[in-house]
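The values are calculated or read from the model by the stated rules, or taken from the named source; none is laboratory data. In this text the structure is predicted, and so the values were computed from the model without any measurement. Here the Cβ positions follow ideal geometry from the backbone for every residue, glycine too, while neighbour counts run over all protein chains shown. Heads up: the accessible areas ignore ligands, DNA and RNA and are worked out on the full protein's heavy atoms, side chains in. Shrake-Rupley method; radii C 1.70, N 1.55, O 1.52, S 1.80 Å.
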Amino acid sequence: EIYSLHVDCKVTSRFAHTVITSRIVNRANESREATFEVELPKTAFITNFSMSIDGEVYPGIIKEKAAAQNEYDTAVSQGQSAGLVKITDRKLEQFHVSVSIAAASKVTFELTYEELLKRQLGKYELLIKVRPKQLVKHFQIDVHIFEPQGILFLETDSTFMTNELTEALTKVQNETKAHILFKPTVDQQKKNSELDETLLNGDFVVRYDVKREATAGDIQIVNGYFVHYFAPQKMPVFPKNVIFVIDRSGSMAGRKIEQTMDALLKILQDLRPEDHFNFITFNSKVVEWKSSLLPATEENVASAAALVQTLTARGGTDISGALLAAVGVLEEAEGLPERSVSMIILLTDGQPTSGERNVEVIQENIQKAINGKYALFCLGFGFDVSYKFLEKMALSNGGIARRIYENADAALQLQGFYQEVATPILMQIEMQYPETSIEGLTKNDFKLFFEGSEIIVSGKISNELDLLPVEIKAQSHTSDLTLKEEANVKEKEQVFQNQRYIFANFIERLWAYLTIQQLLEKAISAQEEDQKALEAQALDLSLRYSFVTPLTSMVVTKPSDQQQKELANKPTEAG
């Protein structure tokens with residue numbers, strides 16, 4: 001019986017620190033399994049886990065993956081390696097551990113994870129999955145947010161709210177802080193008064209955005225580490241030249257091609273009149289809808305919509321031929337707006353089975369052909385794709401990859417992705433800081449900036465600086481921009497001094513989190529020897545700041561009368 005379940009979350013300047021504590025008692029008169037099962041965002045890193053059974057604490061220890069695996073293999077006969085963490089859906093992974101406890105014993109499980117909230121389509125989203133599977137006497141979700149720039153708006157949303165449950169939710173907010181408390185009684189948790197079934201099953205989401213005054217973004221400093229947030233607003237939008245490359249091989253038949261058609265019809269409506277576009281569909285044959293890019297006039301969009309509605313799926317998959325054809329159309333394009341952004345959006349659900357099949361050769365040929373001129377976005381539909389291949393191809397060509405999960409909302413996932421890249425407002429962004437006084441600077445040059453997202457740069461201020469000068473250079477649709485800003489280090493440090501619920505070194509941890517993520521991403525498209533060096537750096541930081549990342553594992557130890565050790569690894573989308 002879970003008698004207490006607390007989710008305690010502190011968000012300080014987009015960096016979220018969440019602690020989930022579950023207290024379980026065995027009311028039976030014999031020993032029973034107590035299970036701790038929680039879902040956390042894929043974007044988060046676990047930083048801590050412990051079990052305490054009748055006062056004895058069993059902490060999880062974070063080690064290098066191979067070392068942890070060796071230790072585990074020694075402790076357990078081969079072939080029993082059930083990891084504690086697995087991906088459960090498109091946004092979440094599940095942490096699951098069981099321990100046997102004696103009659104009348106109590107166990108407390110505590111899991112801590114951290115993540116940097118990413119701005120998408122103009123808001124940050126804090127996702128808390130709620131699924132206790134039973135009524136809980138003391139249940140609460142407690143969220144504190146502190147945003148020194150000021151909170152522009154804040155909303156909570158949940159997939160399981162009822163009128164009664166709404167009464168258990170309180171929100172208090174002022175200029176820079178918000179406190180959200182959700183504390184339903186046992187009666188409020190019940191589906192109906194007769195049955196002991198819980199209503200609490202689903203997502204509890206907090207969405208918000210911050211105020212933005214300064215043109216050159218906002219700088220925050222704690223203990224010698226700085227973070228710089230840049231998200232310009234109300235800028236003219238670049239015209240886009242976009243080629244949709246759509247897989248219509250046999251495996252796309254049925255639901256997938258229908259959902260793709262639905263999404264494309266909506267996306268066509270979202271094109272701006274100044275955009276240019278074309279479609280390439282492929283199975284073992286590659287078919288260009290038109291020989292060149294067309295402006296997104298009403299007639300052209302209508303005629304494209306008619307084509308989309310006739311899509312049928314059969315045959316093989318020539319990914320290479322289709323992408324090279326797309327590059328060819330962009331190369332030969334004439335009369336495009338002088339300042340515009342060219343992109344290729346590939347949607348496929350399988351491996352290359354016709355034309356060139358060797359993924360390394362395809363990657364190399366595509367990178368040579370694109371040559372840094374266009375951004376390539378790769379959407380992998382379902383689980384038969386080689387996600388690793390798509391991810392490497394996208395990251396090597398200035399884009400990103402995304403897996404589209406095969407479920408009812410696949411069309412919405414496709415549209416949502418398009419909306420994220422639909423409004424490029426800056427190109428060739430360089431964030432410049434005084435070289436001699438900054439160490440460990442995270443990525444500071446970006447090819448494209450899309451409205452509604454945010455650029456984040458962090459680093460360590462190495463010597464006694466009073467003022468931190470910043471210069472941002474970028475191209476907008478109408479001009480070349482240079483934005484300048486100076487941050488007064490002492491004043492900035494003051495902002496966080498007297499905030500009681502802030503963990504002291506949060507910008508340093510934010511810096512480590514961001515650096516690890518960027519090193520791992522860079523390693524995906526790097527040459528082998530560079531890959532090893534990038535991974536070694538990421539491993540070093542993962543261990544130093546105790547993050548469970550794809551390079552580390554947490555060894556969870558149990559009481560001596562049970563299977564002694566289990567491993568918590570970080571699953572990745574590429575598996």
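Ignoring ligands, DNA and RNA, how do Glu194, Glu528, Glu1 rank by accessible area with a 1.4 Å probe, largest first?
Greatest to least solvent exposure: Glu194, Glu528, Glu1.
Between Glu175 and Glu439, take the C-beta separation as r, use R0 = 51 Å, and let me know the FRET efficiency to the nearest 0.05.
Taking R0 as 51 Å, the efficiency between Glu175 and Glu439 is 0.95.
Points 7 angstrom from Cα along the Cβ direction at Glu360 and Leu483: gap in nanometres?
The answer from the label model is 4.3 nm.
Report the full-extension gain for the segment Arg131 to Ser303: residue separation times 0.36 nm, less the Cα-Cα distance, to one decimal in nm.
Working it through step by step, the gained length comes to 57.2 nm.
Under a point spin-label approximation (7 Å from Cα along Cα-to-Cβ), what is the Ala574-His138 distance to one decimal in nm?
Output for this residue pair reads 4.5 nm.
What does the helix-only formula give at 222 nm for the chain: each DSSP H stretch with n ≥ 4 adding -39500 (n - 2.57), the total divided by the residues, and the result rounded to the nearest 500 deg cm²/dmol?
-7500 deg cm²/dmol
Loop by DSSP (not H, G, I, E, B), at most 11 other beta-carbon atoms within 10 Å: where is the longest site-free stretch of the chain for trypsin sites (Lys or Arg not before Pro)?
Looking at the chain, 235-499 is the longest stretch - no exposed trypsin sites (Lys or Arg not before Pro) with at most 11 other Cβ atoms within 10 Å.
Output wanted: per-residue J couplings in Hz (rounded whole) for the range 270-280, from phi through Karplus 6.51 cos²θ - 1.76 cosθ + 1.60, θ = phi - 60°, x for Gly and Pro.
Karplus-based 3J(HN,Hα) across the range 270-280 equals 7, 5, 8, x, 7, 6, 10, 8, 7, 10, 10 Hz.
Report the label-to-label distance for Lys211 and Phe383 in nanometres (one decimal), using points 7 Å from each Cα along the Cα→Cβ vector.
With each label point 7 Å from Cα toward Cβ, the separation is 4.8 nm.
Give me Rg over Rh for the range 372-462, both radii from the alpha carbons and Rh done the Kirkwood way, two decimal places.
For the range 372-462, the value is 1.07.
Pick out, in residue order, every one of the GluC sites (Glu not before Pro) in the range 6-71 that is DSSP loop and has at most 12 other C-beta atoms within 10 Å; say none if there are none. Intermediate values should be presented prior to the final figure.
Values: sites: Glu30, Glu33, Glu37, Glu39, Glu56, Glu64, Glu71; in loops: Glu30.
Sites meeting the loop and neighbour criteria: Glu30.
Hey, what do the phi angles of the range 248-254 turn into as Karplus ³J(HN,Hα) couplings, whole Hz, using 6.51/-1.76/1.60 and θ = phi - 60°, x for Gly and Pro?
Each residue's phi maps through the Karplus curve to give 10, 6, x, 5, 7, 4, x Hz.
State the extension gain, in nm to one decimal, for the chain segment bounded by Thr312 and Glu529, taking 0.36 nm per residue of separation less the distance between their alpha-carbons.
Details: separation 217, 0.36 × 217 = 78.12 nm, distance 4.39 nm.
Difference between extended and current length: 73.7 nm.
State the extension gain, in nm to one decimal, for the chain segment bounded by Thr35 and Gln475, taking 0.36 nm per residue of separation less the distance between their alpha-carbons. Mind dumping the intermediate values first?
Details: separation 440, 0.36 × 440 = 158.40 nm, distance 5.38 nm.
Additional length available on full extension: 153.0 nm.
Which of rounded, prolate or oblate describes the range 240-422 when judged by the alpha-carbon gyration tensor and an a/c cut-off of 1.5?
rounded
Determine, from the Cβ-Cβ distance of Val287 and Glu334 and an R0 of 30 Å, the FRET efficiency 1/(1 + (r/R0)^6), rounded to the nearest 0.05. Intermediate results must be reported in sequence, preceding the final value.
Details: r = 22 Å, r/R0 = 0.73.
Computed FRET efficiency for Val287 and Glu334 comes out at 0.85.
List the residues whose amide H sits under 5 Å from the amide H of Ile404, counting only those 5 or more places along or on another chain, with H placed 1.01 Å from N in the peptide plane.
Hits under the 5 Å cutoff: Gly380, Phe381, Gly382.
Give the lysines whose C-alpha is closer than 21 Å to that of Lys137, dropping any in the same chain fewer than 8 places away, or say none.
Hits, sequence-local ones excluded: Lys106, Lys129, Lys183, Lys190, Lys191.
Over the range 240-422, what is the percentage of antiparallel beta bridges among all DSSP beta bridges, to the nearest 5?
Taking every DSSP beta bridge with both residues in the range 240-422, the antiparallel ones total about 15 percent.
For Tyr405, put the label point 7 Å out on the Cα→Cβ axis and report which residues of the range 532-575 keep their amide N under 14 Å from it.
Under 14 Å, as judged by backbone N against the label point of Tyr405, lie 573 of the range 532-575.
So what J values fall out for the range 481-493 if you push phi through Karplus, 6.51 cos²θ - 1.76 cosθ + 1.60 with θ = phi - 60°, rounded to Hz, Gly and Pro as x?
10, 10, 10, 10, 7, 10, 9, 7, 4, 5, 4, 5, 4
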